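*Asks:* Here you go, one structure.
FYI, it's all coordinate maths here, none of it is from the lab. Here the structure is a predicted model, which means the values were calculated and not measured. When we count neighbours, we look across all protein chains shown, and the Cβ atoms used for this are built from the backbone with ideal geometry, even at glycine.
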Amino acid sequence: AFSPSASPSTSESELPLPPPPPPSQISSVTDDGEEEGGGGGEGNLQEGEGEEGSDDDDAAGGTTTTPPAAAMLLGVFDGHGNLGEVVSEYATERVPAVLSRKLSEIRSAAASAASSPSSSTSSVGSFWDSPSTVRSIRDALVETFEEVDAVGREELKLPSGGCTATVVLRLGNKAYVANAGDSRSFVAAHVRGGGTEGEGDGTDGNDDDEGNPNPRGEGGGKGSRTILLLATREDKPHLPSERSRVERMGGRVWLPSDEESAQGDSSRVMYVDPKTGRSSGGLAMSRSIGDWDLGEFGVIPTPIVRVLDL
């Protein structure tokens with residue numbers, strides 16, 4: 001949870017992007033919760049599997065203790081299919097590395113602009129808050145997901161399997177949330193004072209036609225409250241924009257009956273045999289990393305990216 005009232009120890013203009021940690025500072029977390037490998041130093045990247053029986057789930061996180069410690073990367077990758085754990089492990093390793101490279105390129109471009117005779121202190125000072133920088137970082141997240149998917153297809157050469165991907169990147173007073181797949185994530189803030197006693201999940205329980213939740217604040221205890229700042233969308237094939245893309249690319253969307261929906265079944269993207277036209281299989285999401293056998297039928301890795309001003 002992030003507090004919207006929190007402020008970094010220095011201005012955003014002074015925020016350095018953390019460099020990728022060297023191998024000696026990378027540690028993994030085993031199923032019993034103990035760390036292996038290095039650790040400490042300026043950066044610490046952690047990755048680990050879920051509990052026993054859920055090893056399709058992987059997570060990655062990185063922080064920097066270089067002042068101001070206001071840069072953070074979190075990621076959750078939930079594998080599915082016969083080889084989903086391979087894809088989730090690959091995404092856990094590659095997404096931080098690719099994103100780090102792209103952010104370094106943004107920083108280098110800013111440094112070049114700052115050294116230009118025509119640059120001014122005010123323009124450099126507001127770099128991290130500028131609309132152009134926000135767009136660049138959003139583009140970097142989109143490009144990261146798409147690059148990891150494209151390169152993974154060539155490197156892994158898997159017949160099936162994929163993973164959902166949710167990444168939260170905090171830079172100074174902004175949090176970028178990128179999501180592809182049907183794993184829903186939430187960003188909430190706990191605000192002290194002015195609240196009422198009560199409990200709640202911060203939403204009104206209803207999604208719009210495109211699957212986006214309608215947020216609201218909710219009492220979280222006397223004198224405080226919890227506010228849902230953002231909830232990612234579940235990228236489901238039946239959503240109008242998703243179904244339109246799938247069908248435009250030659251795929252088919254299977255819709256469950258009311259009884260099947262009540263039992264938790266989901267709409268699915270079906271594989272269509274180009275020779276017979278018959279449908280088979282079925283993926284319960286319209287966006288993911290991997291699932292390359294369904295890529296030609298409209299399943300894409302492109303994330304939806306939202307930006308929060310903290």
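*Asks:* Quick one: net charge of Pro301's neighbours, Cβ under 11 Å, K/R +1, D/E -1? Write down the numbers at each step before the final one.
*Replies:* Numbers: positive: Arg153, Arg287; negative: Glu143, Glu146, Glu147, Asp149, Asp235, Asp291.
Here the count lands on -4.
*Asks:* Just order 75-82, 104-111 by mean Cβ neighbour count inside 10 Å, highest at the front, would you?
*Replies:* On the way: 75-82: 22.6, 104-111: 13.5.
Packing order, densest peptide first, comes out as 75-82, 104-111.
*Asks:* Shifting gears a bit: Amide H neighbours of Met285 under 5 Å, at least 5 residues apart or on other chains, H built in the peptide plane: list them.
*Replies:* Val269
*Asks:* Another question, then. Arranged from highest to lowest average of other beta-carbon atoms within 10 Å per residue, in what order do the peptides 154-162, 228-236, 130-138 appear?
*Replies:* Values: 154-162: 16.0, 228-236: 22.0, 130-138: 14.1.
Top of the packing list down: 228-236, 154-162, 130-138.
*Asks:* Let me ask something else about it. Work out the FRET efficiency for Glu105 and Arg153 from their Cβ-Cβ distance, taking R0 = 25 Å, and round it to the nearest 0.05. Before the final figure, lay out the partial values.
*Replies:* Numbers: r = 23 Å, r/R0 = 0.93.
Result of the calculation: an efficiency of 0.60.
*Asks:* Sticking with this structure for a sec: No solvent, one uniform scatterer per C-alpha: report log10 I(q)/I(0) for the stretch 240-284 via the Debye equation at q = 0.13, 0.29 1/Å, two decimals.
*Replies:* Treating every Cα as an identical point scatterer, log10 I(q)/I(0) equals -0.31, -1.03.
*Asks:* Here's a follow-up. Stretched out fully, how many nm does the piece from Leu255 to Ser224 gain, at 0.36 nm a residue minus the Cα gap?
*Replies:* Between Leu255 and Ser224, full extension yields an extra 6.9 nm.
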